[in-house]
1. Return yes when Ile168 is in contact with a helix residue (DSSP H, G or I) (Cβ under 9 Å, 6 or more places away or on another chain), open to solvent by 30 Å² or more (accessible area, probe 1.4 Å), more than 28 Å from Tyr41 (Cβ to Cβ) and at pLDDT 90 or above and no when it is not.
2. Do we find that Lys44 is loosely packed, with under 14 Cβ neighbours inside 10 Å and either under 15 Å from the mean Cα position of the chain (by Cα) or at pLDDT 95 or above (or both) in this structure?
3. Restricted to the range 84-142, and to residues that are farther than 21 Å from Ile196 by Cβ and among the charged types (D, E, K, R), which residue is most open to solvent (accessible area, probe 1.4 Å)?
4. Hey, any hits in the range 86-105 for a residue that's out of contact with any Ser or Thr (no Cβ under 7 Å at 6 or more places or on another chain), within 19 Å of Tyr150 (Cβ to Cβ), in contact (Cβ under 8 Å) with a residue 40 or more places away in the chain and of a type outside the set (Phe, Trp, Tyr)?
5. Take the residues of the range 112-158 that are of a type in the set (Phe, Trp, Tyr) and modelled with pLDDT of 85 or more: which is farthest from the chain's Cα centre (by Cα)?
6. Go through the residues of the range 188-200 one by one and say whether even a single one is farther than 30 Å from Lys86 by Cα, over 15 Å from the mean Cα position of the chain (by Cα), open to solvent by less than 60 Å² (accessible area, probe 1.4 Å) and at pLDDT 95 or above.
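The values are calculated or read from the model by the stated rules, or taken from the named source; none is laboratory data. Quick caveat: nothing in here was measured; it's all calculated off a predicted structure. Every residue, glycine among them, receives a Cβ derived from its backbone with ideal geometry; neighbour counts consider all protein chains shown. Surface areas here come from the heavy atoms of the whole protein model, side chains and all, with no ligands, DNA or RNA. Shrake-Rupley method; radii C 1.70, N 1.55, O 1.52, S 1.80 Å.
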Amino acid sequence: MRLGPEEVKMLSHIQNSIFFKEFFRKSIHFVSLFIVILYYYFGKSFTLNFLTLVLCCFLVIEYFRVEKELKIPIVWKLYRSKEKDKLSGNIYFLIGSIIAISIFSKEVASAAILMTTFGDSAAALIGISYGKRWIRSLPDRAWEGVISEYLVNLAIGYFFLSNWVVAIIMASAATIVETLTYKLDDNLLIPLFSGIVGQIVLIIYISL
């Protein structure tokens, strides 16, 4: 069935609305750049203390938002429907970043943190705007978004590690986790899984 001009226009308007809302949500994740810069300039201890303090502040906000159902002006509209009555992805991202910085090398941790945000953003924004080939049995997953995410993750991995083997494996892990995760929060799983495999491969590569 072919859509009429008005229906096409309405569909395009809805798609653009979803894109800009997702773009605004994802732009907040760009704070990961600040975390990496903080790590490189002020060191591990300072960064961990700072992130822990930020996490505590966000948990207080989440208490009032979730438990008391307080609608924080402007910000509450950015939450997805599935986050209305549970912890937001920001909490899991902060936890994932703290764990990554605590146990992985600086390069692996930085790459894992940025893959979590920039790779995920690429998948969402490209998938929404240009997604035409949808993956069977995986709702809301387009090949265009997945490939874009992988390329972004690969570039990030090589930028920090200057090693194609480690970069390819980390990018693959991050992309697979983001693509296949639905019930758990990928903001926590991506830095953990990509960081773990990246650190292991890096140790093996160095020991050879």
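1. yes
2. Considered against the rule, which asks whether it is loosely packed, with under 14 Cβ neighbours inside 10 Å and either under 15 Å from the mean Cα position of the chain (by Cα) or at pLDDT 95 or above (or both), Lys44 comes out as yes.
3. The residue in question is Arg136.
4. no
5. Tyr158
6. yes
Residues checked against (1) among the small types (Gly, Ala, Ser); (2) farther than 15 Å from Pro191 by Cα; (3) at pLDDT 90 or above; (4) touching a helix residue (DSSP H, G or I) at 6+ places or on another chain (Cβ under 9 Å):
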residue: Phe20; (1), (2), (3), (4): no, yes, no, no
residue: Ile35; (1), (2), (3), (4): no, no, yes, yes
residue: Val54; (1), (2), (3), (4): no, yes, yes, yes
residue: Val75; (1), (2), (3), (4): no, yes, no, yes
residue: Lys84; (1), (2), (3), (4): no, yes, no, yes
residue: Gly89; (1), (2), (3), (4): yes, no, no, yes
residue: Ser110; (1), (2), (3), (4): yes, no, yes, yes
